[in-house]
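The values are calculated or read from the model by the stated rules, or taken from the named source; none is laboratory data. The structure presented is a predicted model; accordingly, all values stated were derived computationally and were not measured. A quick note on method: Cβ atoms are made from the backbone with ideal geometry, for glycine too, and the neighbour counts reach across all protein chains shown. We work out accessible area using only protein heavy atoms, side chains counted, and drop any ligands, DNA or RNA first. Shrake-Rupley method; radii C 1.70, N 1.55, O 1.52, S 1.80 Å.
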Amino acid sequence: MISFDSLPGNRTLKESLQHALTERIPQTILLSGDDSAGLETLSTVLAAGILCETAGKRPCGMCLSCRKVEGGIHPDLTVVDEGENEIKVDAARRIKSENAIIPGDGDRRVTVIRHAQNLNPAAQNALLKELEEPPSYAFFILTAEQPDALLETVRSRCAKFALEPPQAVLSDDEAAALLAPYLAAVAAGREEQMMQAAVGLEKTPRRQLLGLLGLLQAALRDAVLAANGLTVAPLVPQLREQTAALSRTVTAARLLRVHDFVDELTGRVSRNAGAAAMTCALTADVYRICFI
Ligand SMILES: [Zn+2]
């Protein structure tokens, strides 16, 4: 059920948004923070709150509108998500023309622009007027991992809310437990299981994801050494079983290429690669490097 409770922590932020939803919600909101998954959850809950049909606490999670938002089928909710790609002026024009249409289901329309820092300057300028004086029914939710990359003229038009950084840093034991099914699937050469395991990793907040990829590289180094027949103390003893299995089914040369590929992937993740892109990289690309 869609609700503010689906985002852990952030009590003050959730309370102020909840309050704004019952009093007067700003028409243009900028949510910032470096936890992409948290921003995505929060923007969806907030969109549901704006579109919710209940008079009481919003989003109620139960009305038809809330359920349509949850199902991703609300006709008056537009989500722009270009992942790590630049958002160009064409997209801004599309947003404007969609917003010219009055809402179909209720009396409000919401546009969510994820990774708004990727709006190029032309697109930001094209949206300025829309953000400053939206039609009375139109609401904008921008989410940005790097809000400072937005033009000041855009930022100044938004009510700003910041997500707290995710508190917990993954311990090596926790990260190893998350990686174990993935490495086992690679060692077994099972692409479908690799995908399932990689999808599980998608939910890790970005900051923790970088630590996770670092540990994956260390485990790959262990596997390379084992594949070369070297017996040294492993960097990641928690994954000893998986790296040994990997060294038996994938050659050292290919493991080295995966190691380098994870390096490149780390760069992409730190530049806000979408979770789906990462899953694809850890599945199709790694499978190709290892086995084709
Ligand atoms: Zn509702």
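Selection over the range 85-115 of residues that are touching a strand residue (DSSP E or B) at 6+ places or on another chain (Cβ under 8 Å), of a type in the set (Gly, Ala, Ser) and under 12 Å from GLU130 (Cα atoms) gives a count of 1. Among residues that are over 21 Å from ILE289 (Cβ atoms) and open to solvent by 90 Å² or more (accessible area, probe 1.4 Å), ARG257 is not included. Look at (1) buried (at least 16 other Cβ atoms within 10 Å of the Cβ); (2) touching a residue at least 40 places away in the same chain (Cβ under 8 Å) and you find that ARG271 fails only one, number (1). Only one entry in ILE50, ILE25, ILE73 is free of Cβ contacts under 8 Å to residues at least 12 places away in the same chain, among the β-branched types (Val, Ile, Thr) and at negative phi, namely ILE73.
Scan the range 169-195 for residues that are surrounded by fewer than 15 Cβ atoms within 10 Å (Cβ to Cβ) and without any contact (Cβ under 8 Å) to a residue 24 or more places away in the chain and jot them down. Reasoning before the result, please.
Looking only at the range 169-195, we keep the residues that are surrounded by fewer than 15 Cβ atoms within 10 Å (Cβ to Cβ), and these are 169, 171, 173, 177, 188-190, 192.
Correct list: SER171, ARG190, GLU192.
If the requirement is being within 16 Å of the ligand (Cβ to nearest atom) and in contact with a helix residue (DSSP H, G or I) (Cβ under 6 Å, 6 or more places away or on another chain), which of these qualifies: LEU64, LEU51, LEU7, LEU31?
On the way: LEU64 fails: in contact with a helix residue (DSSP H, G or I) (Cβ under 6 Å, 6 or more places away or on another chain); LEU7 fails: within 16 Å of the ligand (Cβ to nearest atom); LEU31 fails: within 16 Å of the ligand (Cβ to nearest atom).
After applying the criteria, what remains is LEU51.
Quick check, is LEU77 crowded, with 22+ Cβ neighbours inside 10 Å and away from the ligand (no atom under 16 Å from the Cβ)? Write out each step before concluding.
Values: crowded, with 22+ Cβ neighbours inside 10 Å: yes; away from the ligand (no atom under 16 Å from the Cβ): no.
For LEU77, the condition - crowded, with 22+ Cβ neighbours inside 10 Å and away from the ligand (no atom under 16 Å from the Cβ) - is not met.
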